[in-house]
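For reference, the structure is listed below as structure tokens.
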Amino acid sequence: MGSREIASLCAAIILGAAACEPAPVLDRDDLILDGGDAVTIERRSVRTRDGGRPEPTDDSGRSSGRETLSSRSVQTPDAGPCGLSDTATRCVDETTSQRCNADGHWDKALTCSGATPVCRADLDGACGCVETQRRCVDGAPEVCTEGAWRGQSPCEAPLVYCLPRTGQCVSCEPESETCQDGRALRCDEDGQWQDLDSCAGRQVHCGQCAPGEPCVRDRDCADGICLPSTDRCGCGAESCQAPLVCSGSTGMCEPPGSDCPPRAPVVSGEADMAIVSVRFLADDSAEVEMSNVGAGFISFQARGYQLCNGMDNCVFLSDDVPIALPQGASATVTIPNTVAGGGELAIVLDIASDDPSSEAYVAWGTGQPRGSLETLANKTVPFWTLGQRITISAGDTGFVCTGDTNEASGYTSCNP
């Protein structure tokens, strides 16, 4: 049977026996293999003549003057946009991957996340890790190489801990503590040990703690005395350095008793208040005595005036109740971070405002804290001679006022 006869037979089958006509001559021979394994048929758009018969058209849409088979007659398999492979993948964007399904179409997009957060073209569109990025898994480091996580050598001494933030082996786990030669060390955020300059931390007590250092039990302390009232080590008979002695009442190293001359402040100018005594304590704080040396009566409201050593170290004269001082009366305030090496003290109102004021001032030693108040102390009423400093003698624990409150020479170094 010739190819034209075969085409006529196909048309008869498709269009119905009653409408079967001799097959049109196609632009190229159609091929039907014996057994029906493959059919190649030219597809063209069609128009309908009067009577409902399809009218062949050429590629421009004009009638060709001859009939051809309708495109509805034979369909070839649609391989889809990604072929017939169900293993093909592609990247939609930096964080989205797609896989070709069994029907040859791109399946639902998959968002890359977790340990493989990026879509990588070098992995044929699969999700992978960020190149050279590091991480810790079960305490061991891993590094991303060619889109996959690969284990590294485990952390070993002296770098014993895998730091999650960097994926690197470091010396210690942040916030952990240890003892070394009787000193406490704490691990910082980068995994490095830092000396706490103490025999104890929050978690460890390394023993041999000196009087005043924190403790939990007696064996933490060099003298075997942990004071339960303060959780600090107490002193023994031989543990205090001269001229300090161990106080039987407080268990701390203290001066043997005042060797200071009587307080005798001399007011010059319009000053009403004076700092008449300063005693430096073992915990780097200072006990400050202030006296009404001029006015008939002075009252300080709670959380009003402050005692300051520099701009950044201030305490209120009182947190809860007013302080009332008749002339000649005194009040005592303790301020932290104030040592014999050097500093200043001022009674100040509204230090954080644009217009602070002061009531008294002294300065001593060779050091001076950041943000001096000396200029403020002389803004309206001069309370101090600029540049002068009280000299603290070696071994002394403070000073008292024995003369002019505006002059360094009006103060005497001693053990208050």
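The values are calculated or read from the model by the stated rules, or taken from the named source; none is laboratory data. Computed from a predicted model, the values in this text were never measured in an experiment. Cβ placement follows ideal geometry from the backbone for every residue including glycine, while neighbour counts extend to all protein chains displayed.
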_Residues that are among the basic types (Lys, Arg) and either free of Cβ contacts under 8 Å to residues at least 24 places away in the same chain or assigned to a strand (DSSP E or B) (or both), drawn from the range 175-210_ = 183, 186
*Residue identified as in contact with a Ser or Thr (Cβ under 8 Å, 6 or more places away or on another chain), touching a residue at least 24 places away in the same chain (Cβ under 8 Å) and either outside the structural domain of residue 285 (by TED's automatic domain parsing) or in a loop (DSSP other than H, G, I, E, B) (or both) among 334, 380, 338*: 338
*Run down 366, 397, 402, 391 and say which single residue is in contact with a Ser or Thr (Cβ under 8 Å, 6 or more places away or on another chain), β-branched (Val, Ile, Thr) and farther than 21 Å from residue 271 by Cα.*
391
*If you take just the strands (runs of 3 or more DSSP E) that sit entirely in the range 211-310, which of them hold at least 2 residues that are surrounded by fewer than 21 Cβ atoms within 10 Å (Cβ to Cβ)?*
286-292, 297-300
*Count, please, the residues in the range 298-348 that happen to be more than 41 Å from the chain's Cα centre (by Cα) and within 19 Å of residue 405 (Cα to Cα).*
8
*Would you point out the residue of the range 151-167, among those that are surrounded by fewer than 11 Cβ atoms within 10 Å (Cβ to Cβ) and not aliphatic (A, V, I, L, M), that is nearest to residue 131 (Cα to Cα)?*
153
*With the condition kept exactly as written, say whether any residue in the range 233-249 is of a type outside the set (Phe, Trp, Tyr), over 24 Å from residue 397 (Cα atoms) and not assigned by TED's automatic domain parsing to the domain that holds residue 404.*
no
*Among (1) in a strand (DSSP E or B); (2) of a type outside the set (Ser, Thr, Tyr); (3) over 30 Å from residue 89 (Cα atoms) - the single one residue 172 does not satisfy*: (1)
_Members of the range 132-158 found to be assigned to a strand (DSSP E or B) and more than 23 Å from the chain's Cα centre (by Cα), listed by number_ = 140, 142, 143, 144, 145, 148, 149, 150, 151, 156
*For the subset of the range 189-210 comprising residues that are surrounded by 14 or more Cβ atoms within 10 Å (Cβ to Cβ) and under 24 Å from the mean Cα position of the chain (by Cα), which member is modelled with the lowest pLDDT?*
201
_Going residue by residue through the range 351-363, is there one that turns out to be more than 21 Å from residue 276 (Cβ to Cβ), touching a strand residue (DSSP E or B) at 6+ places or on another chain (Cβ under 7 Å) and at pLDDT below 90?_
yes
*Exactly one of (1) part of a loop (DSSP other than H, G, I, E, B); (2) surrounded by 16 or more Cβ atoms within 10 Å (Cβ to Cβ); (3) in contact with a Ser or Thr (Cβ under 9 Å, 6 or more places away or on another chain) is unmet by residue 119. Its number?*
(1)
*Consider residue 383 against the criteria (1) more than 23 Å from residue 323 (Cα to Cα); (2) aromatic (Phe, Trp, Tyr); (3) modelled with pLDDT under 90: it satisfies all of them except one. Which criterion is unmet?*
(1)
*asked:* Given the options 134, 90, name the one that is farther than 30 Å from residue 193 by Cα and buried (at least 16 other Cβ atoms within 10 Å of the Cβ).
replied: 90
